[in-house]
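> After the structure tokens below, expect a handful of questions from me.
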Amino acid sequence: MMTWEFPPFIAGGLGTACYGLARALLCKGIEIDLMLPTAYPAIFPLRNPDDVDSLQARPLSAEVIFPETFSEQTLATRLMWLGLSYESGAYGFSNRRLHHHMSERFHHLTSHTSPSDLLQVLIQSLQGDELLFKQVLAFTQMVYAHVAENDYDLIHAHDWLTYPAALLLQSRSHCPVIAHIHATEFDRAAGPGDHRIHEIEYAGLTLANRVISVSQYTKQMIVNRYAVDPNKVETVHNAYSMDEEEKKKHRIFKDPVVLFMGRITLQKGPDYFLKIAERVIKQFPRVRFLMAGTGDMFSRILQQGASLRLKDRFLCLGFLGREEVKRLLDATDIYVMPSVSEPFGIAPLEAMASGAVAIISKHAGAAEILENVYKVDFWDIERTSDIILELLHHPSRRAALAKAGEHEVADIQWNEAADKIIQVYERVACST
């Protein structure tokens with residue numbers, strides 16, 4: 001299994017989803033060798049469910065020698081030694097605007113290029129001076145050079161960053177590849193985006209033996225935009241990893257808390273959240289709007305919030321670690337996800353499990369499976385503000401909706417998603 005993110009170093013839903021899925025697959029007897037974008041050739045053998053929390057590394061080269069005290073270090077320290085960090089998140093690179101357009105080459109690619117030529121396209125599309133593209137190329141080269149040819153029954157690759165490595169390895173080993181698509185470049189850029197990533201996504205989804213999408217929304221996106229055969233795409237919705245600890249609300253402020261949590265980028269709609277906050281605070285000053293996360297719009301939102309003189313009613317918290325996120329969710333009363341484009345959206349499930357009422361974009365993938373949430377158009381600031389004001393003025397209604405949502409999320413577990421993915425594994429194995 002290849003992914004760019006895995007706890008404790010995560011920047012968004014990709015790492016959270018891979019963690020929950022891997023743990024559920026391990027519970028069902030699937031053995032996994034996890035590959036991350038380490039600076040040194042290494043894999044993380046996962047054989048038992050608890051292995052996802054310890055992540056013991058195994059070098060793939062005799063030249064990689066771990067320090068004597070390596071096994072005694074904390075997980076975060078060991079992973080940082082291997083070259084992983086919070087900065088290695090999948091979608092944080094800042095030079096996107098250098099290629100922020102759809103090229104004629106991509107349109108020609110989807111119309112005329114035969115599958116036999118697409119491996120070359122994968123390599124050519126990794127050219128660029130941006131750090132992320134250099135890291136993806138290095139990861140691809142590491143996998144191709146150090147992973148043995150016949151070690152695996154199949155390769156499960158998550159998102160475009162791992163598609164080149166998976167498919168080049170397949171070209172040598174003939175091992176079937178499952179391309180798991182969590183978000184497309186159309187989603188992340190909220191527009192045309194980077195033509196190199198489009199080319200990698202198109203080539204990866206075309207060459208893969210099977211594709212798993214996180215929602216029907218995403219399936220339609222790749223069928224319509226990348227001409228992927230709908231018969232090779234299986235929709236498996238994301239889920240939530242239920243915490244065994246009893247959930248209790250722990251207030252940070254005496255006032256109710258309305259939360260936005262995610263990457264502060266155009267895709268996620270942070271500017272809509274700020275406008276909603278301004279509107280609500282004017283009518284209900286005894287509320288706190290909190291924004292957790294970072295991204296290329298962070299400074300702009302911070303400056304706009306200051307210019308609106310919302311003071312301590314609107315706070316930007318920046319990036320938070322896993323434990324800080326848990327404490328914040330436990331203190332949240334209303335969660336808002338005004339995403340412009342959202343393939344799924346795990347964060348609302350986490351918020352609902354913590355006893356918050358969720359308001360989400362009606363076109364988000366999560367809206368396909370959630371009932372006890374408010375579903376609105378991301379641009380409808382007035383409607384979202386009115387819902388929040390209604391919930392603030394009626395605490396008993398808010399509590400009832402929160403309880404219903406908490407019960408609903410308890411039934412949306414990775415166990416069922418893992419069963420569906422194992423069925424995909426079996427079909428791929430039988431057909432190759």
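Any read-out appearing in this document is the output of simple, stated calculations on the displayed coordinates, not a laboratory observation. Being a predicted model, the structure only gives us computed values, none of them experimental. Cβ atoms come from the backbone with ideal geometry, glycine included; neighbour counts cover every protein chain shown.
> I'd like the distance separating the alpha-carbon centroids of the stretch 368-384 and the stretch 5-59, in whole Å.
One Cα centre to the other: 33 Å.
> Counting GluC sites (Glu not before Pro) as exposed when in a DSSP loop with at most 15 other beta carbons within 10 Å, what is the longest stretch of the chain free of them?
Values: sites that count: Glu31, Glu63, Glu68, Glu149, Glu244, Glu245, Glu246, Glu371.
Result, exposed sites excluded: 247-370.
> Highest GNM mean-square fluctuation, the chain, Cα pairs closer than 10 Å: which of Asp187, Asp50, Asp159?
Residue with maximal mean-square fluctuation among Asp187, Asp50, Asp159: Asp50.
> Between the helical axis of 13-27 and the dominant principal axis of the chain, each derived from Cα atoms, what acute angle in degrees is found, rounded to the nearest 10?
Tilt of helix 13-27: around 60 degrees.
> Now for a different question. Mind checking which of His237, His407, His195 has the largest fluctuation in a GNM of the chain, springs on alpha carbons under 10 Å?
In this elastic network of the chain, the residue with the biggest mean-square fluctuation among His237, His407, His195 is His407.
> Could you grab the relative contact order for the stretch 257-410? Cα pairs under 8 Å, six or more apart, rounded to a whole percent.
Values: 265 pairs, mean separation 38.0, N = 154.
It comes to 25 percent, rounded to a whole number.
> How high is the relative contact order of the stretch 245-346, in percent, with contacts defined as C-alpha pairs under 8 Å that are six or more residues apart? Before the final figure, lay out the partial values.
Numbers: 141 pairs, mean separation 44.4, N = 102.
That works out to 44 percent.
> For the chain, just the Cα set please: Rg and Dmax, both in angstrom.
Just the Cα atoms of the chain yield Rg and Dmax of 21.7, 65 Å.
> Could you list His182, His250 so that the one with the fewest beta carbons within 10 Å of its beta carbon is first and the one with the most is last?
Working: His182 26, His250 12.
The fewest-first ordering by Cβ neighbours comes to His250, His182.
> Which of the aspartates and glutamates could a cross-linker bridge to Lys375, judged by Cα under 14 Å and excluding same-chain residues fewer than eight apart?
Output for Lys375: Glu342, Asp386.
> Sticking with this structure for a sec: Can you give me the relative contact order of the chain as a percent, contacts being Cα pairs under 8 Å and 6 or more apart?
Values: 761 pairs, mean separation 62.1, N = 432.
So the answer I get is 14 percent.
> Taking Cα atoms, how many degrees apart are the long axis of helix 381-393 and the longest axis of the chain, rounded to 10 and kept between 0 and 90?
60 degrees
> Using the count of nearby Cβ atoms within 10 Å as a rough guide to exposure, how do Thr69, Thr265 rank from fewest to most?
Working: Thr69 8, Thr265 23.
Lowest to highest Cβ neighbour count: Thr69, Thr265.
> Just how far, in whole angstrom, is the stretch 142-199 from the stretch 206-279 if you go by their alpha carbon centroids?
Rounded to whole Å, the Cα centres lie 21 Å apart.
> Put a dot 7 Å past each Cα toward the Cβ at Ala138 and Asp151; how far apart are the dots in nm?
2.0 nm
> By the gyration tensor of its Cα atoms, with a ≥ b ≥ c the square roots of the eigenvalues, what is the shape of the stretch 296-432: rounded for a/c under 1.5, prolate for a/b over b/c, or oblate?
Details: a/c = 2.04, a/b = 1.63, b/c = 1.25.
Judged from the Cα gyration tensor, the stretch 296-432 comes out prolate (a/c at least 1.5, a/b above b/c).
> Next up: Where nothing but the Cβ of Lys and Arg (+1) and of Asp and Glu (-1) is charged, how large is the charge dipole of the stretch 257-410 around its Cα centre, in debye to the nearest 20? If you can, show how the numbers build up before the last one.
Working: 20 positive and 19 negative charges, 113 e Å.
With Lys and Arg at +1 and Asp and Glu at -1, about 540 debye.
> Out of Ala62, Ala364, Ala417, any idea which swings most in a Gaussian network model of the chain, alpha carbons joined below 10 Å?
Among Ala62, Ala364, Ala417, the largest mean-square fluctuation in the Gaussian network model of the chain belongs to Ala62.
> For every helix of n ≥ 4 consecutive DSSP H residues, a contribution of -39,500 (n - 2.57) applies; sum these over the chain, divide by its total residues, and give [θ] at 222 nm rounded to the nearest 500 deg cm²/dmol. Let's see the in-between values first.
Values: 17 runs with 185 residues, N = 432.
Taken over the chain, the calculation gives -13000 deg cm²/dmol.
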